[in-house]
Structure formats: structure tokens, C-alpha cells
Amino acid sequence: MSATHTAGAHLLGNYARAPVTFVSGEGCELIDADGRRYLDFVAGIAVCALGHAHPEIAKAVARQASTLVQCSNYYGHEPAGRLADKLCEITGFDRAFFCNSGSEANEAAIKLARKRAFRRGESRAEIVACSGSFHGRTLGALAATDNARYQEGFAPLPLGFRFTPFNDVERLARAVTEKTAALLIEPIQGESGIHPADADFLQAARAACDAAGALLIFDEIQCGTGRTGRFFAFEHANVRPDVVTLAKALANGLPIGAMLVAEHVADALQPGDHGTTFGGSPIPCAAALRHLELRESLRLDDHVRRMGALLSAALTRLYERFPDAISMPRGMGLMQGVTVDSGIEIAAIVDAMRERGVLVICAGRNSLRFVPPLLVQPEHVQTLERAMEDVLGEIQAPRS
Ligand code: PLP
């Protein structure tokens, strides 16, 4: 097999895959079929927090695989129970629901919000989301996603979804009404290009929901689980939602989604109201639990804050050298992005970086996104900066 072989002639063509086939990973690197190593600033798109093939995660998975793999959610099992306990202890939420992905976590949150209103005899079914949002590809999550390209051709989408402009406090107060079941916000919009919500926008969201009796749901699927140097990105704004959704990094690469809820909304979903066959099965839960233990012992939040500052400084230096090519960086911790000038083909940057052995990925139409493993080291940031400097230098002469 050669590295130029893109695995799977029989795979459905719904991804524009890069011409590389990875066979293994180690720490912050991926290794292709020809044995070539790539520094990974994608991490499965903000997934592999502890990097690839972490020995402790591998051990936890192997131990669980040889103990209990599946037993249906009609029975209890230790990994899900212990993971729920651990998440509630760390976050201050009261109940956890587990599923397999971010989209499913958002579906659960949307259903919980509507069912809560129904149980209270209220006719409020509307879900308000933000301009530029991305909440997933299932039909409900897609209806909450403000992206015409992703929605095109899939009509009819579920009804009852509206959008309010992101970071517009004034419009927010008018958008949330007695018809609103929930307001759904990404504290840092990821897919649309790494756009952090302003603290006063998130605080206004809390106030608007309280005033209207609606639920506040934060989607921390990409920005949560420590990516910004705190467990949740919303902690930076000193505000708390009623419901939060997680996925991506939670099990360090194994498929899991989670919805965490405060006690006062927990009884909205009763037995039979919602469910999943595989959600919260023992192996992903065991991996997530080990991940959460390790992030504490490694003091990962401190490390992310330090590495985030280095990454931001490196991207700022690149902006200062190439102000006509990229913007100043946006983001927090190890979730950063820059806008690429409209005259430059962004895919050409991604390809040229990969040819130099560094993986980066686009976000939105015109941004580059940097979401490395949270264990990234200073020398990795230097390697990224040098590669970006070469690539931008080839595309555009730096300003002297
Ligand atoms: N919500 C956010 C903020 C995301 O970034 C994503 C995925 O990128 C999703 C939801 C959907 O998650 P999944 O792809 O696991 O369904």
C-alpha cells in the first residue's frame, strides 16, 4: 500500500479525503502507510486530547474489551455509572445521558427541552440557535445549523428552529420568547471558523432564558473537555447553562456523546422517552473515565493555557509577517483559527502544510483551524510556525 492510496474505493464519496492513508499514531504524530510521520494539529478534529495511542487509554480499552463490551441500557454497568459520577463531580451538573456522537447529544438536548415544555403543559417548542452555528448532521441538529450548504437538498427539516445573530446582545433579548423551549449556543463556534462568543453575549443568553422561562443549552462538543484551558469554555464567561453537550475529546477518540443536565430539568425525560442501543456502552465509557483521571493528574488545564499562549503568539508573529495572507488569531487555549485572505486558495495551504509533514484543517469557507492534541509541546508549536512561514512565504512574500 502506498501513502498516495486513499483507503477504500468502496467507501461512499461523502468526504473529500486527502490523498494519504494513516496506519498508526503516536502522541502528537500520525504515521502513514509509507512510514512518514506527520505532526498532527487536527487531532481527529479536536478529538484526541491525550494524543494518539496513549498507553493508559489503550490499557483501559483492552481491560474493558476483555471484561464487558455491551449489555443494553436496560441494565446498569459500572463504566457508565462511574463516568456519570465523575463528570458530575468535575462539572457540578447532576445527571448524565450518554450517546455515540455530538449530533446525538444535541438531539437529546433538543428533545429534552421540548419534552420539558410538554410536561409542564406549555406550548413552547421553538429552538433558537445562532447565525454561523454548527450542531451536527442529523436532521434535528442540522435544522439548528445555520449553514445553507449543509442543509441544501435535505428539506423538509424539522420545524421550529430560528436563528438570532451571534454576539448580538440586543437581538438576543427579542429572539427568546414565551414560545422558546431552548436557546442553543456554541460558546466558541468551531466549524464556522473559530469565533468565540463574547462573555456579555453568554451572560445575556442566561438572562434572556431566565426571563422567558426557556432552557439554556451550551454545545461544548468541540470547545469543551479542556480545549480552552478550563473544562468548559463557558467557565471563562462566568455563566452556567441548564444543559451542556459534549462529545469529541471526551473518550480521547472512542465514539461517545454526553448530555449533562442540572437537577431541575432532569425529570423531563422519563423511562421510554429517549434511548440508544450503543450509547454509553462500556468501552467508550472506560476510555472517557481514564481520560478524565489522567487530565487531572497531568494538570492538563495549566498545560493547555501555556501551550495556547505559545500557539497564539506564533500565529500572531505569522500575521505580523504576512498580514495580507492571514488575520490575527482568534480563539482560546488550543482552539485557534485565522482567516485566510480571499485571494489565497485555502486548500493549497492545507496541502502544502501536509507535504511538509504538518496537518492542519479548514473551518468554514475561509479559516484555518488549529486544534492539536492537548499534550502538544513547545517544539511542536515551533515546527508548525516554521512550516506555516515556509508555506505563506511561497504563496506570498512577507512584509519586511
Ligand atoms: N456540535 C459541534 C459544536 C461540533 O463541532 C460538532 C462536530 O464537529 C457537532 C456538534 C457534531 O458532532 P458529531 O460529528 O460527533 O456528530
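The values are calculated or read from the model by the stated rules, or taken from the named source; none is laboratory data. Computed from a predicted model, the values in this text were never measured in an experiment. All Cβ positions, glycine included, derive from the backbone under ideal geometry; neighbour counts span all protein chains shown. Only protein heavy atoms, including side chains, enter the accessible area calculation; ligands, DNA and RNA are left aside. Shrake-Rupley method; radii C 1.70, N 1.55, O 1.52, S 1.80 Å.
With θ taken as phi - 60° and the Karplus curve 6.51 cos²θ - 1.76 cosθ + 1.60 applied, the whole-hertz 3J(HN,Hα) list for the range 252-268 is 6, x, 7, x, 7, x, 9, 10, 10, 10, 7, 3, 5, 10, 5, 7, 5 Hz, x standing for glycine and proline. With the helix formula -39500 (n - 2.57) applied to DSSP H stretches of n ≥ 4, the chain reaches a computed 222 nm mean residue ellipticity of -11000 deg cm²/dmol. Surface composition of the chain: carbon plus sulfur atoms contribute 52% of the solvent-accessible area (1.4 Å probe, protein chains only, all chains present). Solvent exposure of the chain, expressed per residue, is 44 Å² of accessible area, with all protein chains present and a 1.4 angstrom probe. The simple spin-label model puts a point 7 Å past each Cα toward its Cβ; for residue 88 and residue 207 those points are separated by 3.3 nm.
Would you mind giving the average projected area, over all directions, of the Cα convex hull of the chain in nm² with one decimal? Mind showing how you got there, number by number?
Working: hull surface 80.6 nm².
Computing the convex hull of the Cα atoms and averaging its projections yields 20.2 nm².
For residue 131, the residues whose modelled amide H falls within less than 5 Å of its own, excluding neighbours fewer than 5 places apart on the same chain, are 164, 166. Packing around the peptides 146-154, 101-109, taken as the average count of other Cβ atoms within 10 Å per residue, puts them in this order, highest first: 101-109, 146-154.
Between residue 345 and residue 200, what FRET efficiency comes out of the Förster formula 1/(1 + (r/R0)^6) with R0 = 22 Å and r the beta carbon distance, rounded to 0.05? Please list the in-between numbers first.
On the way: r = 36 Å, r/R0 = 1.66.
Step by step, r from the Cβ atoms, then E = 0.05.
Please give every one of the aspartates and glutamates within straight-line cross-link reach of residue 111, meaning a C-alpha to C-alpha distance under 16 Å, and leave out same-chain neighbours fewer than 8 residues apart. Filter leaves 122, 126, 219, 242, 267, 273. Between residue 12 and residue 355, the FRET efficiency from the beta-carbon distance, with R0 = 30 Å, is close to 0.65. Mean separation of Cα pairs under 8 Å and 6 or more residues apart, divided by the residue count, gives the range 200-259 a relative contact order of 33 percent. Here the Karplus curve 6.51 cos²θ - 1.76 cosθ + 1.60, taken at θ = phi - 60°, turns the phi angles of the range 171-179 into couplings of 5, 4, 4, 7, 6, 9, 10, 5, 8 Hz, with x standing for Gly and Pro.
Percent antiparallel among DSSP beta bridges with both residues in the chain, to the nearest 5? All intermediate terms of the calculation are to be shown ahead of the outcome.
Details: 30 of 47 bridges.
In the chain, DSSP labels about 65 percent of beta bridges as antiparallel.
Mean sequence separation of contacting Cα pairs (under 8 Å, at least six apart), scaled by the length of the chain, corresponds to a relative contact order of 21 percent.
Going by average Cβ neighbours within 10 Å, how do the peptides 166-177, 356-367 rank, with the highest at the top? Provide the component values of the computation, followed by the final result.
Details: 166-177: 16.8, 356-367: 18.7.
My ranking of the peptides, most packed first, is 356-367, 166-177.
How large is ³J(HN,Hα), in whole Hz, for each residue of the range 122-138 in order, when computed from phi with the Karplus curve 6.51 cos²θ - 1.76 cosθ + 1.60 and θ = phi - 60°, using x for Gly and Pro? Calculated HN-Hα couplings, in order: 9, 9, 10, 10, 6, 10, 9, 10, 10, 4, x, 6, 9, 10, x, 10, 5 Hz. Its relative contact order, with pairs defined as Cα atoms under 8 Å and 6+ residues apart, puts the range 287-400 at 28 percent.
Distance between the 7 Å Cα→Cβ label points at residue 278 and residue 306: 3.8 nm.
How would you classify the range 215-304 from its alpha-carbon gyration tensor, with a ≥ b ≥ c the square roots of the eigenvalues: rounded for a/c under 1.5, else prolate if a/b is greater than b/c, otherwise oblate? Oblate is the answer for the range 215-304, as a/c is 1.5 or above yet b/c matches or exceeds a/b. Backbone amide hydrogens, once placed in the peptide plane, bring residue 197 within less than 5 Å of 188, 189, excluding anything fewer than 5 places away on its chain.
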